[in-house]
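The values are calculated or read from the model by the stated rules, or taken from the named source; none is laboratory data. Being a predicted model, the structure only gives us computed values, none of them experimental. Virtual Cβ from ideal backbone geometry, glycine too; neighbours counted across all protein chains shown. For the accessible areas, the whole protein counts, side chains as well, though only heavy atoms, and no ligand, DNA or RNA atoms are used. Shrake-Rupley method; radii C 1.70, N 1.55, O 1.52, S 1.80 Å.
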Amino acid sequence: MEQYYYNHMNKAQQAAYHSILSGVKNLADEFQIPALEGEELYNVFFQMRLDHPEIFWVSSYKYRYYKDSPNLIFIPEYLFDKKKICEHQKAMTARVEKLIRPAQKLSEWEKEKYVHDFICENIRYDKLKKSYSHEIIGPLGQGVGVCEGIAKAVKVLLDALGVWCVIAICGNNPEKGIKYRHTWNIVKIGGTYYHLDATFDNTLGKDRETSEIRYDYFNLDDSQIFRDHEPLIAPAPHCGDHEHFYYKEKKLSFTKKEDVYKRSLQAAKKGRVLIFHWRGGYLTKEVLKELLELIRKAGDEKDKTAMVSINWPQAVIRVQYTDMQVQESVTIEEANEGEK
């Protein structure tokens, strides 16, 4: 697959990238690379691992610098001893092969959904942030990961399925209480780029008694994703297609209030959960109030109470009706990188 970040580097950075990639693949204890400044070297090392998430056994490094030398001595810090790395490599290769087997003949879109659903059904967020949770070995080996490990696992699986995919990265924002960088994926489906954030969807589906897969962050464009994601801090393709996000594809993106009422009535009658996206202008408090009244009215007709939750930035509303005599509830859901 394309080495996306490599292709956006200058010649000196590319030379260092190539030397590091070759050295860590060979499990070398130390090796020479062209000299770069500290932050520049960090970015090359970090982005090389975003291009190559299959390299899960190295997470940091040290280096020695000699005055007036055009080179550095690069000393990788491996997560495991070399024998263990070889065992884990075999296990990861076998795991990826086994996971992608059922999806080989699917369309690009179906492959993307298959990988997204695998993450949402099988991976827990690792609040302890073990070092391996930042690598594919966390999600694919232990069933736990942080956003970086999850985005790397998505890329490794989609790479293996032949679907173009990169890892996007945005900065932190302490003023907004966002302590850490966040990573997710950009995919190319049918020749068009889209944002895919399996970590955010995973946090939305997890607090239910019935595990439920959400698609609030499946194939979004730039204007949608940056409603609740910070600006990118590394190059990434522009995603400009607003027509093919999941809920629109599945005819669950409504522009008319009567559609909300009709589908709510069906959900109340059949006892099914309704998750829909509102596209009839901004989801203001006034518009939300009108939608909630229609959802309540549909429930009243079937003697049921509505339990509603809202992902406000993405204008996605989840409705579940209950026969129990309970107070109607409306909660604001917050998709996040798994911290909360």
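A few notes on this one:
- Subset of segment 297-340 (residues that are basic (Lys, Arg), touching a helix residue (DSSP H, G or I) at 6+ places or on another chain (Cβ under 8 Å) and surrounded by 15 or more Cβ atoms within 10 Å (Cβ to Cβ)): Lys302, Lys304
- Among strands (runs of 3 or more DSSP E) entirely within segment 1-91, having at least 1 residues that are in contact with a Ser or Thr (Cβ under 6 Å, 6 or more places away or on another chain) and surrounded by fewer than 19 Cβ atoms within 10 Å (Cβ to Cβ) singles out 58-65, 71-78.
- Scanning segment 284-293 for residues that are over 22 Å from Tyr246 (Cβ atoms) and surrounded by fewer than 18 Cβ atoms within 10 Å (Cβ to Cβ) turns up Thr284, Lys285, Glu286, Lys289, Glu290, Glu293.
- Yes/no for Ile167 being outside any loop (DSSP other than H, G, I, E, B), over 22 Å from Tyr247 (Cβ atoms) and assigned by the TED database to the domain that holds His88: yes
- Restricting segment 139-148 to residues that are under 17 Å from Glu97 (Cα atoms) and in a helix (DSSP H, G or I) leaves a set whose member that is most open to solvent (accessible area, probe 1.4 Å) is Gln142.
- Breaking point among (1) over 26 Å from Thr284 (Cα atoms); (2) open to solvent by less than 80 Å² (accessible area, probe 1.4 Å), for Cys239: (1)
- Single residue of segment 50-67 satisfying the filter (at pLDDT 95 or above and touching a His at 6+ places or on another chain (Cβ under 9 Å)) that is nearest to Asn7 (Cα to Cα): Phe56
- Highlighted here are the helices (runs of 4 or more DSSP H) found entirely within segment 246-308 that include at least 1 residues which are within 30 Å of Tyr114 (Cβ to Cβ): 246-249, 257-270.
- Residue in segment 85-102 that is within 27 Å of Leu41 (Cβ to Cβ), polar (S, T, N, Q) and free of Cβ contacts under 8 Å to residues at least 40 places away in the same chain present: yes
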